[in-house]
Amino acid sequence: MENIASLTIAQVKEGLRAKNFSAVELTREALRFAESENAKTNAYLTFSPELAEAAAVAVDAKIARGEHTGLLGGVPVAVKDVLSTKGVRTTCGSRMLEKYVPAYDATAVAKLKASGAIILGKANCDEFAMGSSNENSAFGPVRNPVALDRVPGGSSGGSAAVVSQGTAVVSLGSDTGGSIRQPASFCGVVGVTPTYGRVSRYGLVAFASSLDHVGPFARTVSDAALVLEAIAGRDELDATSAFAPVDDYQTEMRKPVKGMKIGIPKEYFEGLEAETGDKIHAGLDVLRKLGCEIKEVSLPHTPYAISCYYIICTAEASSNLARYDGVRYTARAEAATLTEMYAKTRGEFFGMECKRRIMLGTYVLSHGYYDAYYLKAQKVRTLIAGDFSNALHEVDALVAPVSPFPAFKIGEKMADPMQMYLSDIYTITGDLAGIPCMSVPCGNTTQGLPVGMQIFSGHFRESTMFRVAYAFEQAGGVA
Ligand code: GLN
């Protein structure tokens with residue numbers, strides 16, 4: 001069998017077609033490899049071998065009958081543990097849901113299955129997707145496969161790590177403030193946050209509903225685009241999912257980029273580490289050589305993004321997390337009265353970061369503060385989105401760093417939540433505006449740590465973003 005750790009979707013399909021391996025053989029080998037490698041990174045929380053085997057049997061049967069196996073036929077994937085998987089434990093990285101087994105699939109998961117993907121298991125993450133380093137998981141941190149003493153980023157740290165480590169070909173994550181792009185950049189893989197509404201949120205355990213996005217991780221731009229194609233589209237079960245048709249990304253992204261206008265937002269080049277900045281500038285040189293016209297633009301409301309995000313996301317989180325009360329499907333602490341039971345359950349089974357956000361969110365929504373904080377933040381959000389609309393009037397896409405620094409050491413930022421929150425300074429704006437954005441590998445620092453280049457485009461113009469990323473990758477990226 002080919003080197004399983006570096007397979008692409010096209011190679012899986014070719015291997016199946018040429019009968020180099022069957023889907024069942026590939027699945028067994030992928031699971032064996034993933035289970036043995038997992039001790040190094042703790043990237044998987046749960047494996048689902050029975051389900052994977054059954055899906056592989058179905059793919060082999062289709063091949064035997066000469067039928068199409070689907071966009072992702074036979075491809076081993078991992079799913080972030082905030083997406084509901086029928087019959088497979090879904091913990092959200094929390095003790096609160098340690099034993100929760102959903103009765104239904106998230107739409108993105110159902111679509112993966114319908115396109116023939118083989119789900120190997122569930123990927124570790126920060127508790128309820130709150131964090132930037134995966135250190136807030138109740139089940140231990142994930143280690144970055146590129147440098148095991150460092151974080152993989154977060155909150156989708158497990159999903160990024162498995163693709164980087166080669167224990168899945170592709171994976172799904174979720175992004176509320178950067179949780180796909182930042183771990184993708186830290187682990188040296190491609191990560192895509194689609195337009196808000198492009199992928200259904202049905203079955204994605206809610207953190208901040210107006211900001212939550214489901215999206216793919218992959219080792220190549222083409223693979224990421226294929227996964228997005230498989231999971232995108234209108235879904236009756238999510239009223240915010242969009243009717244806009246899904247483009248043919250594979251065709252669109254191959255169009256040349258010569259003559260395209262790329263904006264560099266000047267606010268995103270302040271306060272970042274020098275080496276990270278150098279890599280992004282080298283990336284811009286590659287685009288320039290490909291014939292792109294690069295010009296500086298301004299997103300003037302950027303300095304308010306962190307405050308705006310942490311008011312909106314905590315407000316929404318405090319409401320969404322109210323359902324974990326010990327009465328229904330969560331863990332329950334025993335107590336003499338109902339009120340005591342609520343308090344003890346939430347006190348015992350939520351981690352520190354969740355509690356911090358519930359308290360902050362409850363405060364900003366409370367009587368007398370709602371207008372001063374929440375409403376004000378919503379207005380600022382509109383201004384931030386307006387900055388992007390104005391800039392994307394002048395240029396086709398924007399290019400910026402993903403994070404001001406590469407992967408940091410495990411434990412380094414845990415004592416200072418403000419420092420941790422600053423990791424997302426360049427990513428939260430994309431979520432606030434609801435536009436598509438992605439991270440594509442852009443070389444390594446002298447210490448060998450990956451740097452990610454971020455690309456933004458207009459609402460539902462994922463094709464434009466993929467076109468830039470694909471041309472950049474095909475040109476060899478940055479060494
Ligand atoms: N790191 C950010 C936070 O802690 C973003 C998380 C996310 O995108 N889910 O909220």
Take the range 311-335 and flag every residue that is touching a residue at least 40 places away in the same chain (Cβ under 8 Å), outside any loop (DSSP other than H, G, I, E, B) and open to solvent by 20 Å² or more (accessible area, probe 1.4 Å).
Ile311, Glu316, Ser319
Assess whether Val190 counts as being crowded, with 23+ Cβ neighbours inside 10 Å, within 12 Å of Cys437 (Cα to Cα) and more than 13 Å from the ligand (Cβ to nearest atom).
yes
From the list Leu375, Leu422, Leu392, Leu383, exactly one residue is in contact with a His (Cβ under 7 Å, 6 or more places away or on another chain), open to solvent by 10 Å² or more (accessible area, probe 1.4 Å) and aliphatic (A, V, I, L, M). Which is it?
Leu383
Could we say that Val82 is open to solvent by less than 10 Å² (accessible area, probe 1.4 Å) and closer than 21 Å to Pro152 by Cβ here?
yes
How many residues does the range 345-368 hold that are open to solvent by 90 Å² or more (accessible area, probe 1.4 Å) and away from the ligand (no atom under 16 Å from the Cβ)?
3
The lone exception for Val77 - which of (1) buried (at least 24 other Cβ atoms within 10 Å of the Cβ); (2) of a type in the set (Val, Ile, Thr); (3) in a helix (DSSP H, G or I) it fails
(3)
Would you confirm whether or not the range 89-109 contains a residue that is over 27 Å from Ile312 (Cβ atoms) and either within 14 Å of the chain's Cα centre (by Cα) or buried (at least 24 other Cβ atoms within 10 Å of the Cβ) (or both)?
no
Can we say Ala117 is away from the ligand (no atom under 12 Å from the Cβ), farther than 25 Å from Met453 by Cα and open to solvent by less than 10 Å² (accessible area, probe 1.4 Å)?
yes
Checking the condition touching a Pro at 6+ places or on another chain (Cβ under 9 Å), open to solvent by less than 10 Å² (accessible area, probe 1.4 Å) and on the phi > 0 side of the Ramachandran plot, which residue from Gly173, Gly178, Gly153 passes?
Gly153
Residues in the range 431-462 that are of a type in the set (Gly, Ala, Ser), surrounded by fewer than 24 Cβ atoms within 10 Å (Cβ to Cβ) and within 24 Å of Leu392 (Cβ to Cβ) total 2
Considering only the range 403-417, how many residues are under 24 Å from Pro265 (Cα atoms) and within 12 Å of the ligand (Cβ to nearest atom)?
1
I want to confirm something. Restricting to the range 421-457 and keeping residues that are part of a loop (DSSP other than H, G, I, E, B) and over 19 Å from the mean Cα position of the chain (by Cα), which single residue is nearest to Gly215 (Cα to Cα)?
Leu449
So Val468 fits all but one of (1) within 16 Å of the ligand (Cβ to nearest atom); (2) under 25 Å from Val297 (Cα atoms); (3) not in a strand (DSSP E or B); what number is the exception?
(1)
Exactly one of these conditions fails for Ala317: (1) at pLDDT 95 or above; (2) over 23 Å from the mean Cα position of the chain (by Cα). Give me its number.
(2)
The one condition Phe128 fails out of (1) surrounded by fewer than 24 Cβ atoms within 10 Å (Cβ to Cβ); (2) within 11 Å of the ligand (Cβ to nearest atom); (3) aromatic (Phe, Trp, Tyr) is (1)
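The values are calculated or read from the model by the stated rules, or taken from the named source; none is laboratory data. Remember, it's a predicted structure, so these values are computed and weren't measured experimentally. Neighbour counts run over all protein chains shown; Cβ positions are idealised from the backbone, glycine included. Ligands, DNA and RNA are stripped out before the accessible areas are found, and what is left, the full protein with its side chains, is counted by its heavy atoms. Shrake-Rupley method; radii C 1.70, N 1.55, O 1.52, S 1.80 Å.
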